[in-house]
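Laboratory data are not the source of any read-out in this text; all were calculated from the coordinates shown. Here the structure is a predicted model, which is why all the values come from computation and not from measurement. Cβ placement follows ideal geometry from the backbone for every residue including glycine, while neighbour counts extend to all protein chains displayed.
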Amino acid sequence: MSARAKHQNRGIVFLVGAGPGASDLITVRGADALSRADVVIYDHLVSPELIRLAPPKAELIYAGKKGGAGKSIEQSELNAMLIERARMGRVVIRLKGGDPFIFGRGGEEAEALVRGNVRFEVIPGVTSAIAGPAFAGIPLTHREHGSFVAFVTGHEDESKGARSTVPWDELVAAARGRGTIVILMATARMRATLDRIRAAGLAAETPAAAVQWATTAAQKTVSATLATLADASARAGIGAPAVIVVGECAGLREHLKWVERMPLFGRTVVVTRSRETASQFATALRRLGAEVVEFPTIETAPPRSYAALDRAIARLSSPARNSFDWIIFTSATGVESFVERLKSRGRDIRELGRASIAAIGPATAARLADYALRATAVPDEYRAEQIIPAIGLKRIRGKRFLIPRAEVAREALPEILRDKGAKEVEVAPAYRTVKPKGAQIERMRELIAAGSIDLVTFTSSSTVTNFCDLIGAPASLLKAAAIGPITAATATERGFEVVVTPAKYTIAALTEAIAEYFGRAEPCTQD
């Protein structure tokens, strides 16, 4: 086999189902494929949060069109694009809303890949035909209310003389025997489709529902009957994309609408933490029903110089008269950066020797514990001023302190220690925070302009400042949650309405405070 042929054989196309809308409904296998992508070709209904799973250097190609309008890539052109990039030896992800082989052209794309002699794999996704009813609290089958389910599309226009390919008479006959009909792509012709079902003999009082933007913060559900659903949906402004459910099972929604009882249902929350630290916070918010937009405003980078930190590390194993009595860590990132530098210099963590350790904040103490390092002093509040009572004046006077921290930070802590009699306070930059590259700035501006954001969360003053610098939008348009008083003060100064500040300055407490805040104003439903 020639070298060129071997190179081409490394290329592969993954036809991946992106799920119905919520980014965390992609399969584990789909997420793994995305993480290895060289090229991602995605549709309009794919969550932008999923694109973030692709490597930063991956080529991103938008292939969809919004609301059935505008120009999109022709199918023949798209097929050629898949084949061409795979033949270049690339891992190509064709990311399709829902499932690639249901109510889409995934099958046609697979046939084109076979003709082009290109390897491919199909990774199924959660289709909106199932997820929409599930998130609305509508089971599609039930021993008492429906033993079968049919999935159909309702976009055919019989008024133009085309004969419907949907066997409505047969479906309705089965539905009368307590079955469920799920209709996709029918919002533009909802009234005509429902009338067609009635004409085929299904009773006007049969329960029916329409679910728009299922699994997202914009999810809206209308419950009615076969005869009244079209009018009720029009009053509620139901549009594409939506799923229509007709059958006795639709009547169970009133008792089973679980997602709307979640404290953050219908809320869009922005997380501005760095990509490395955002995951746990975002997951906690999603578990409460929120749609989370991850918009990192800071990234961690090495300091411009390690000289000060390296000198301090060298002193840790020096004789007692020159070594440090205390090491104060001000963040979990500081802990990570310090330990990584120790390792890169071939040093041993046992060289901390006689130095006592203080941690500002429980998260910092927890990260130290990951390395079997116990903090002997942890302030009750995440503020530099509280380090004095935590350590005690007697253990400050005449002592030497090392503070491995961010390159740029508040000077309050070193100044307080010196004022209280510390013999030496060495500030050693262990990392620096920078604005991230490749931030989805335009998307964030669009969300702000559309009024789609319910809350922006900030976990440091840097996240506030960088958010404003990146977006350049009036902060007065947004409500904010701040992890502590210093961050809250910065957000207020920049024009945000700070509506959430937890009593404890931890991510867990911030999450709980956000849930409590929105619990006072539940989003309305359409029933």
Under 5 Å, built H, 5+ apart or other chain: amide partners of Val498: Ala480
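Output the Kirkwood hydrodynamic radius of segment 380-527, Cα pairs only, in Å rounded to one decimal. Let's see the in-between values first.
Working: mean 1/r = 0.0562 Å⁻¹.
Roughly 17.8 Å, rounded to one decimal.
Quick one: compute the contact order of segment 130-261, relative version, from alpha carbon pairs under 8 angstrom and 6+ residues apart, as a percent. Write down the numbers at each step before the final one.
Working: 266 pairs, mean separation 45.5, N = 132.
RCO, segment 130-261: 34 percent.
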Of Gly484, Ala409, Phe467, farthest towards positive along the dipole that unit charges on Lys, Arg, Asp, Glu beta carbons give segment 387-527: Ala409
Principal axes of the chain: Cα extent on each, largest first, Å: 94, 67, 43
Spherically averaged projected area in nm², based on the convex hull that wraps the Cα atoms of segment 109-235: 10.4 nm²
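Rounded, prolate or oblate: which fits segment 11-126 when a ≥ b ≥ c are the square roots of the eigenvalues of the alpha-carbon gyration tensor, with rounded for a/c under 1.5 and prolate only if a/b beats b/c? Working shown, then result.
Details: a/c = 1.36, a/b = 1.13, b/c = 1.21.
Cα axes put segment 11-126 in the rounded bin.
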Helix-only CD estimate at 222 nm, as mean residue ellipticity for the chain, using -39500 (n - 2.57) per DSSP H run (n ≥ 4): -10000 deg cm²/dmol
Linear extension gain, Glu121 paired with Thr153, 0.36 nm per residue minus alpha-carbon span: 8.9 nm
Length added when fully stretched, Arg235-Glu351, from 0.36 nm per residue minus Cα-Cα: 34.7 nm
Length released on extending from Lys57 to Glu248, taking residue separation times 0.36 nm less the Cα-Cα span: 63.8 nm
Ordering of 247-256, 443-452 by packing [mean C-beta count within 10 Å, highest first]: 247-256, 443-452
Burial ordering of Glu497, Glu49, fewest other beta-carbon atoms within 10 Å first: Glu497, Glu49
Inter-label distance, nm, simple model (7 Å from Cα along the C-beta direction), Arg311/Arg395: 2.7 nm
Calculated FRET efficiency for the pair Glu340/Ser76, C-beta based, R₀ 56 Å, to 0.05: 0.65
Relative compactness, segment 303-433, computed as alpha-carbon Rg over 2.2 N^0.38 Å: 0.95
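Efficiency by 1/(1 + (r/R0)^6): what FRET value for Ala227 and Ala188, r their Cβ-Cβ distance, R0 = 25 Å, to the nearest 0.05?
Values: r = 20 Å, r/R0 = 0.79.
Here the calculated transfer efficiency is 0.80.
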Total charge dipole magnitude, the chain, about the Cα centre, Cβ charges on Lys, Arg, Asp, Glu only, Debye to nearest 20: 1980 debye
